[in-house]
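Trainee: Have a look at the structure that comes next, please.
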Amino acid sequence: MTELSIDISDIVFKAIEQIKADGYTVHRWIPCSERLPEKDTSVLIYAAGHRVTAYYDAVICAFRLTQSNDLFYLPSAVTRWMPLPEKPETTSD
């Protein structure tokens with residue numbers, strides 16, 4: 001039996017490039033150790049086994065669960081975050 005060796009990373013890279021060329025955005029979970037979101041940005045976070053939409057408050061360097069309350073996660077408790085998708089285009093339904 002002969003083993004077939006395929007470089008899957010090249011195939012995945014080309015597929016992602018095609019998706020981007022077609023106008024789609026590719027989102028991935030970004031480790032907080034890699035970087036934090038831009039200041040004052042709403043994102044999806046993963047903390048304590050839960051996925052939660054949160055607001056990154058750069059003033060206190062924490063993820064707030066909403067912009068108006070005092071519930072928050074410190075970046076050390078959040079392992080990953082992901083940008084939220086763009087708002088849908090408005091149409092006259």
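Trainee: Applying the selection to segment 5-29, what residues are modelled with pLDDT under 65 and among the charged types (D, E, K, R)?
Mentor: 7, the sole residue that qualifies.
Trainee: While we're here: Please specify each residue of segment 56-77 satisfying the condition of being open to solvent by less than 70 Å² (accessible area, probe 1.4 Å), part of a loop (DSSP other than H, G, I, E, B) and at pLDDT below 75.
Mentor: 66, 69, 75
Trainee: Moving on to the next point. Taking the conditions exactly as written (of a type outside the set (A, V, I, L, M), at pLDDT 85 or above and either in contact with a helix residue (DSSP H, G or I) (Cβ under 9 Å, 6 or more places away or on another chain) or loosely packed, with under 15 Cβ neighbours inside 10 Å (or both)), does residue 80 satisfy them or not?
Mentor: Working: of a type outside the set (A, V, I, L, M): yes; at pLDDT 85 or above: yes; either in contact with a helix residue (DSSP H, G or I) (Cβ under 9 Å, 6 or more places away or on another chain) or loosely packed, with under 15 Cβ neighbours inside 10 Å (or both): no.
In short, no.
The values are calculated or read from the model by the stated rules, or taken from the named source; none is laboratory data. A quick note: this is a predicted structure, and the numbers were derived from the prediction, not measured. Neighbour counts are summed over all protein chains in view; Cβ atoms, including those assigned to glycine, are modelled from backbone coordinates with ideal geometry. The protein model used for the area step is the full one, side chains on, heavy atoms only, and it has no ligands, DNA or RNA in it. Shrake-Rupley method; radii C 1.70, N 1.55, O 1.52, S 1.80 Å.
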